């Protein structure tokens, strides 16, 4: 970052100008992400896509151990889940989006391309195939990318929303 003249503030790790707008941004991003997944689930059969079924619960069980009713395991891994969420936001929105925009001359087209490309990469990286999970996670990435641009390129609302989404996902696996 230093060699390229990029600071943490440049990618979005800075104090929000307004904590109220950061909270509103977090709530908007959460609502947009959850709403887009609900809409996708409601209309996926009408889309006519050939997609693999979602096997994320089986994958998560092997990755995290048996979380069913295991609150000790849940509370021991959730800080690492939050750290991963923060690092994904820094990588996908902070670095990747800015890099794509700069590669395409920082125009409106470049911003739109960056939002879509990072969402597709984000979705694919979570399942490595075209599946319900990759599309759902891609929609979350789209919500995060739009939120990043819409809320002044500050990563904190995205980080909090991402942590909340991953916490909800993990809670679903414990219950």
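Every number in this text was worked out from the coordinates using simple rules, so none of it is lab data. Computed from a prediction, not measured in an experiment: that's the story for all the values here. Neighbour counts run over all protein chains shown; Cβ positions are idealised from the backbone, glycine included.
Round to the nearest 0.05 the FRET efficiency obtained for residue 20 and residue 150 when R0 = 25 Å and r is the Cβ-Cβ distance.
0.95
In nm, give the distance between the simple-model label positions of residue 106 and residue 9, each being 7 Å from the Cα along the Cα-to-Cβ direction.
Between residue 106 and residue 9, the simple spin-label model gives 1.5 nm.
Any chance you could give the angle, 0 to 90 degrees and rounded to 10, that helix 71-89 forms with the longest Cα principal axis of the chain?
With both axes taken from Cα atoms, the answer is about 30 degrees.
Could you tell me how many degrees, from 0 to 90 and to the nearest 10, lie between the Cα long axis of helix 108-125 and the main elongation axis, the longest principal axis, of the Cα atoms of the chain?
30 degrees
On C-alpha positions alone, give me the angle between the axis of helix 19-47 and the longest principal axis of the chain, in degrees, nearest 10.
Tilt relative to the chain: about 50 degrees.
Pull out a ≥ b ≥ c, the square roots of the eigenvalues of the alpha-carbon gyration tensor of segment 16-174, then state rounded if a/c is under 1.5, prolate if not and a/b is larger than b/c, and oblate in the remaining case. Kindly include the intermediate steps, with their values, before the conclusion.
Values: a/c = 1.81, a/b = 1.26, b/c = 1.44.
The shape class here is oblate.
If each DSSP helix of 4+ residues adds -39,500 (n - 2.57) and the sum is divided by the residues in the chain, what number results at 222 nm, nearest 500 deg cm²/dmol? Don't skip to the end; give the middle numbers.
Values: 8 runs with 123 residues, N = 175.
It lands at -23000 deg cm²/dmol.
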